[in-house]
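Have a look at the structure below, then the notes.
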Amino acid sequence: MPEPADVSVTLAEIARLAGVGRAAVSNWRRRHDNFPTPVGGTDTSPQFSLAEVECWLREQGKLERIGQRERLWPQFEALGDRAVMGIAIAHAGERVLAEYSGGAGSPKAAPSGPTSRLVEQTVETARREGGRQTFDFLLARWLDAHVRQISATPPLLARLMADVAAVVGGEHLGATTILDPACGAGGLLLAASRRWMVTSPSSAPPILLGVELDPTLMALAAVRLGFAATERIGSSIGHHRPTVDVRDGDSLRSDPHGDAQADVVLCNPPFNERDWGHEELATDPRWVFGLPPRTEPELAWIEHALARLKPGGVAVVLLPPAVASRKAGRRIRGALLRAGALRGVIALPAGAAQPHSVSLHLWILRASEVEGGVGPRQRLFMLDAAAVAAGAAKGAQGIDWERLSSQVLDAVRAFSWEEESDSATGELPAGCLALPVMDLLDDQVDLTPARYVPETAAGAQLKLHESWSRFDGLLHNIGEYARALSRIDMSADGESVTTVTVGDLDRARALSLRTGQVPSGDPLKGDVTPEGAVPVLTVSDLVLDGCPGGWLSAADVQSGLQAGVLTIAEPGDVVVVGVERAFRVWVQVDGPLVLGSQLYALRADPEVVDPWFLAGCLRAPANVRQASSHTSSSARVDVRKLQVLQLPLAEQRPYGTAFRELLAFEDALLALGSVGTDVIRGLGDGLVAGRLHRASFPGAG
């Protein structure tokens, strides 16, 4: 491992050191000839000597000193392996914790060699700059560096979930045992600990129980919560500390806290896990509400959470929205409603947590009381907070967390979680309602709040504003495309140009033609595609909405490729639909894609054929008519008969550029039509609802 002075740093790390944006560092490189030269990396991601960067920043007056914590992180990053880095951080944290408590504890498997020296350096830094601060700094950097592999619950969402559980539980939650059965790095348990220590300082301190399958995350969570047990809450510290028990294991298959009963369960479970133990757990006693289908692992986590609750205990679980409506889970959803176990569903704005493009849900669950039973509930609490604070840009992903938390908690407090009588529920704020359970027990048992909660005037105006913004942006893009395309001169004589078929190009090895196949296994579905999974596209998907209808796991893709039963289009391939009613041609740009039957992947030799030129030629309407077979009601396109202009590569490229602009122009026009429909619908609904402010429209008089 390099010495601290020789550690390399990226442009992003230089920006963090200097407290500026990355663009400012790029400007320094361009403007200052004496800016340090790269010592490694690539042209797009260069790396620089930390010592040289520190010296330059100090000479330019842009930095007084680099703290020791900032020096540590590049050395951890140089370890390379995610697990090695994480365990080293956890080991250093345990060493510091042992000093705080006056003990001599250390991790079971202490690092050795260069990693051991880095741990010693970290402990020394922690003594000077604070143990908790040093550990939190390194943990945050580690989580940021591996954000694609690790889904951590954002701190503000974790705090909101803990607050919701506390409000719903009310007086039942005094001496509190809190469990997170998939605790990751411990963010939810940390938020819960602080919530109960602050609001109930006179009661017994909470007991924090966690389970995590990844041993690296488990070690980090244990240290993180250990530090939380030492922090000062108000004026008390020492005897009033939480008890922390985080264990390595699989909560569904073999729960290491299997005998524990919790007052509160908070959980952000892994989404869309195919291998969660469906077959081996078929007779498990936890499935009181029915055996979760193999494709519904989230419902297994729901039933597990309920099985671990004390009578009257509360669980708040973060779930993808599809869990509320997927057909396979409707029987269990109905059983949860009939038993009164599911008490509420809250739809959060997109961006609240990974995956940031999806509006996630919070499910509020309550275990039945042994005595004086709470029993089946007549109404389900529903809140659609998906439009709250979008675009406010006050926090991560543009969410105004203060406003969102206030709205959610005000609504939760307004609902009666104890009394069974309908009259006990007072007037609820806008955006939420108490829906009769009987209204939900139909063939679908759809629990999506947006389906039932009336749209507020503020929410409707926000959506309309966003639609107008998209409309303006598309108009601008269309104008740019139109100006570029209108300059094309079509007066050249093209009579001497000859064509060649795709079949001829395939035989000449100018391209390879591969036919899509029906996947051997059923593609999984859901709002979230796991890391390494590959989307699956079929003709039916194209007819329905044009988007892939499912995905295959990385393991299934690997085995399918080895068996020769999968066809995958890679970026740069030209994809052709071999059915006339759904005929399309495009260049794949967004990553690999599994192709179903009647879809074709053309991989061009880049020294002979330009892919955009090829795609433009193939999509010509006259070309399609010539290659179509009309022997059945669903005409097929013989891809091998499609014609391509026969031009040298240098002459293909201007055509390819023009085709690319033409396709972008077409996509923008189609998108404009869709957004225009949204604008018309939003304006029409608002006018009919009497929401027009006359001063905003001159024609209103």
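Residue-wise test of (1) modelled with pLDDT of 85 or more; (2) polar (S, T, N, Q); (3) closer than 19 Å to Thr230 by Cα; (4) part of a helix (DSSP H, G or I).
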residue	(1), (2), (3), (4)
Phe76	no, no, no, yes
Gly80	no, no, no, no
Val84	yes, no, no, yes
Gly93	yes, no, yes, yes
Val96	yes, no, yes, yes
Gly103	no, no, yes, no
Pro107	no, no, yes, no
Ala110	no, no, no, no
Phe135	yes, no, yes, yes
* Please work out if Leu365 is modelled with pLDDT of 95 or more, in contact with a helix residue (DSSP H, G or I) (Cβ under 7 Å, 6 or more places away or on another chain) and more than 21 Å from Trp417 (Cβ to Cβ). => no
* To do: Would you check if there is a residue in segment 145-159 being under 16 Å from Ile207 (Cα atoms), in a helix (DSSP H, G or I) and not assigned by TED's automatic domain parsing to the domain that holds Ala78?
  => no
* Asked: If we scan segment 327-343, do we find a residue that is crowded, with 22+ Cβ neighbours inside 10 Å, within 19 Å of Asp410 (Cα to Cα) and at pLDDT below 95?
  -> no
* Structure fact -> Only one of (1) farther than 23 Å from Ser540 by Cα; (2) surrounded by fewer than 15 Cβ atoms within 10 Å (Cβ to Cβ) does not apply to Leu670, and that is (1)
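Quick grid of which residues meet (1) in a loop (DSSP other than H, G, I, E, B); (2) surrounded by 21 or more Cβ atoms within 10 Å (Cβ to Cβ); (3) at positive phi:
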residue	(1), (2), (3)
Leu225	no, yes, no
Asp263	no, yes, no
Gly277	yes, no, yes
Pro292	yes, yes, no
Gly313	no, yes, no
Val316	no, yes, no
* Asked: Which of the following residues is assigned to a loop (DSSP other than H, G, I, E, B), modelled with pLDDT under 90 and not assigned by TED's automatic domain parsing to the domain that holds Val575: Asp527, Asp493, Asp522?
  -> Asp493
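Listed here are the residues, each with its yes/no results for (1) crowded, with 17+ Cβ neighbours inside 10 Å; (2) among the aromatic types (Phe, Trp, Tyr); (3) in contact with a Leu (Cβ under 9 Å, 6 or more places away or on another chain); (4) at pLDDT 90 or above.
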residue: Asp573; (1), (2), (3), (4): yes, no, yes, yes
residue: Val585; (1), (2), (3), (4): yes, no, yes, yes
residue: Gly591; (1), (2), (3), (4): no, no, no, no
residue: Ala601; (1), (2), (3), (4): yes, no, yes, yes
residue: Asp605; (1), (2), (3), (4): no, no, yes, yes
residue: Ser633; (1), (2), (3), (4): no, no, no, no
* Structure fact -> By residue number, the members of segment 137-187 that are farther than 19 Å from Ala228 by Cβ, aliphatic (A, V, I, L, M) and surrounded by fewer than 24 Cβ atoms within 10 Å (Cβ to Cβ) are Ala145, Val147, Ile150, Val164, Val167
* Hey, among Val589, Val644, Val609, Val576, which residue is part of a loop (DSSP other than H, G, I, E, B) and closer than 22 Å to Thr498 by Cβ? -> Val609
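So which of Asp384, Asp439, Asp410 ends up being surrounded by fewer than 16 Cβ atoms within 10 Å (Cβ to Cβ), closer than 27 Å to Asp685 by Cα, modelled with pLDDT of 85 or more and in the same structural domain as Gln261 (by TED's automatic domain parsing)?
The conditions single out Asp439.
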* **Residue in segment 25-62 that is surrounded by the most Cβ atoms within 10 Å (Cβ to Cβ), counting only those that are among the aliphatic types (A, V, I, L, M) and within 35 Å of the chain's Cα centre (by Cα)** => Leu50
* Asked: From the residues in segment 413-427 that are modelled with pLDDT under 80 and in a helix (DSSP H, G or I), which one is surrounded by the fewest Cβ atoms within 10 Å (Cβ to Cβ)?
  -> Ser423
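In this structure, is Glu402 modelled with pLDDT of 60 or more, part of a helix (DSSP H, G or I), at negative phi and exposed (fewer than 14 other Cβ atoms within 10 Å of the Cβ)?
yes
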* To do: Inspect segment 661-674 for any residue being at pLDDT below 90 and farther than 26 Å from Asn623 by Cα and give the result as yes or no.
  => yes
* Restricting attention to segment 452-474, which residues are loosely packed, with under 14 Cβ neighbours inside 10 Å and out of contact with any strand residue (DSSP E or B) (no Cβ under 8 Å at 6 or more places or on another chain)? -> Ala457, Ala458, His465, Ser469, Asp472
* Asked: In segment 590-629, what residues are among the small types (Gly, Ala, Ser), without any contact (Cβ under 8 Å) to a residue 60 or more places away in the chain and on the phi < 0 side of the Ramachandran plot?
  -> Ala615, Gly616, Ala620, Ala622, Ala627, Ser628, Ser629
* Quick one: Glu298 ticks every box in (1) in a helix (DSSP H, G or I); (2) in contact with a Gly (Cβ under 9 Å, 6 or more places away or on another chain); (3) farther than 26 Å from Gly549 by Cβ bar one, so which box is it? -> (3)
* Asked: What are the residue pairs meeting all of these: first residue in segment 300-313, first residue without any contact (Cβ under 8 Å) to a residue 24 or more places away in the chain, second residue of a type in the set (D, E, K, R) and outside any helix (DSSP H, G or I), Cβ atoms under 6 Å, and 6 or more apart or on different chains?
  -> Ala307/Arg286
* Asked: Give me the pairs: first residue in segment 541-565 and assigned to a loop (DSSP other than H, G, I, E, B) and surrounded by 14 or more Cβ atoms within 10 Å (Cβ to Cβ), second residue at pLDDT 80 or above and of a type in the set (Ser, Thr, Tyr), beta-carbon distance under 8 Å, and six or more apart or on different chains, which are they?
  -> Gly549/Thr538; Gly549/Ser540
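The values are calculated or read from the model by the stated rules, or taken from the named source; none is laboratory data. The shown structure was predicted, so the numbers you read here are calculated from the model rather than taken from an experiment. Positions of Cβ are generated from backbone atoms using ideal geometry, with glycine treated the same way; all protein chains shown enter the neighbour counts.
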